[in-house]
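Asker: Quick one: the structure is below, questions incoming.
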């Protein structure tokens, strides 16, 4: 049960709205508000809230800097909030609860609140500490790199001692920001300046290169079979010969994809268990 909630956001109207939403869903919870990173650190240490609703861009320290100051092993269950979607994938990777992109509606907040409640109820804060620690490490390395090159449009995976691959892709469409779980994606194709994620009957378009997407995918699952196509090998049903040394890969849903002869060797190695 959530009994203490801290809202850390530099916008008074945003804090007011969040407080109202919390009181509807948890009328008995004590709610406190701060408007900057410095006060957020102080109150997290002294008050020890169960949950923190943490804005990413604040005076006196960003949300990520608040985490670093408090210590990842002492952070409560954390919900990131921001008007800027460029941090979305990083926040999902490290918060492991949710990420609210302003403006959000009541229904979207209710979903996030249920996830927070589940986190507190199951006591899964140690797992969050491990993931938050990966973020702090990756951002420290990223800050050094950013002095010489710009950050990517969609942040890459967090890194630990071994690679931790992305498990979702942030997709923007019209005024919406959606999260597509890679566990639901069967194959990915290049389409001009975009890539298209095929998840069952759904198609999601992302303005990014196939090579960039591939760099964040788990190579134990995803394999490039053509210069324009990547497949989750778990979705494969069979291979059939085709013209000119190419093959046709048939997926479990009946989709037929061309396997270029340049990638046949890698496909065969994967099927033989050698890669």
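The values are calculated or read from the model by the stated rules, or taken from the named source; none is laboratory data. On a predicted model such as this, the values are computed, not experimentally measured, just so you know. No Cβ is skipped: glycine too gets one built from the backbone with ideal geometry, and neighbour counts run over all protein chains shown.
Asker: Kindly evaluate residue 2 against the criterion of being crowded, with 21+ Cβ neighbours inside 10 Å and at pLDDT below 95.
Answerer: Taking the combined requirement at face value, the residue satisfies it.
Asker: Ok, one more. Looking only at segment 1-16, which residues are under 25 Å from the mean Cα position of the chain (by Cα) and in a helix (DSSP H, G or I)?
Answerer: Scanning segment 1-16 gives 14, 15.
Asker: Can you name the condition, by its number, that residue 44 falls short on among (1) closer than 19 Å to residue 119 by Cβ; (2) assigned to a helix (DSSP H, G or I); (3) in contact (Cβ under 8 Å) with a residue 40 or more places away in the chain?
Answerer: Of everything listed in (1) closer than 19 Å to residue 119 by Cβ; (2) assigned to a helix (DSSP H, G or I); (3) in contact (Cβ under 8 Å) with a residue 40 or more places away in the chain, residue 44 misses just condition (3).
Asker: Another question, then. Would you say residue 242 is in contact with a strand residue (DSSP E or B) (Cβ under 6 Å, 6 or more places away or on another chain), surrounded by 14 or more Cβ atoms within 10 Å (Cβ to Cβ), modelled with pLDDT under 90 and farther than 27 Å from residue 84 by Cβ?
Answerer: Taking the combined requirement at face value, the residue satisfies it.
Asker: Any residue in segment 53-66 that is in the same structural domain as residue 99 (by TED's automatic domain parsing) and surrounded by 18 or more Cβ atoms within 10 Å (Cβ to Cβ) sitting within a Cβ distance under 6 Å of a residue that is at pLDDT 90 or above and in a loop (DSSP other than H, G, I, E, B)? List the pairs, counting only those 6 or more apart or interchain.
Answerer: Here the result reads 55/9; 58/10; 58/36, each pair linking segment 53-66 to a residue that is at pLDDT 90 or above and in a loop (DSSP other than H, G, I, E, B).
Asker: Has segment 62-84 got at least one residue that is part of a helix (DSSP H, G or I), within 25 Å of residue 2 (Cβ to Cβ), touching a helix residue (DSSP H, G or I) at 6+ places or on another chain (Cβ under 8 Å) and at pLDDT below 55?
Answerer: no
Asker: Is there a residue in segment 89-106 that is surrounded by fewer than 24 Cβ atoms within 10 Å (Cβ to Cβ) and modelled with pLDDT of 85 or more?
Answerer: Yes: segment 89-106 contains one or more residues that are surrounded by fewer than 24 Cβ atoms within 10 Å (Cβ to Cβ) and modelled with pLDDT of 85 or more.
Asker: Does any residue of segment 25-33 turn out to be in the same structural domain as residue 81 (by TED's automatic domain parsing), surrounded by 18 or more Cβ atoms within 10 Å (Cβ to Cβ) and under 24 Å from the mean Cα position of the chain (by Cα)?
Answerer: no
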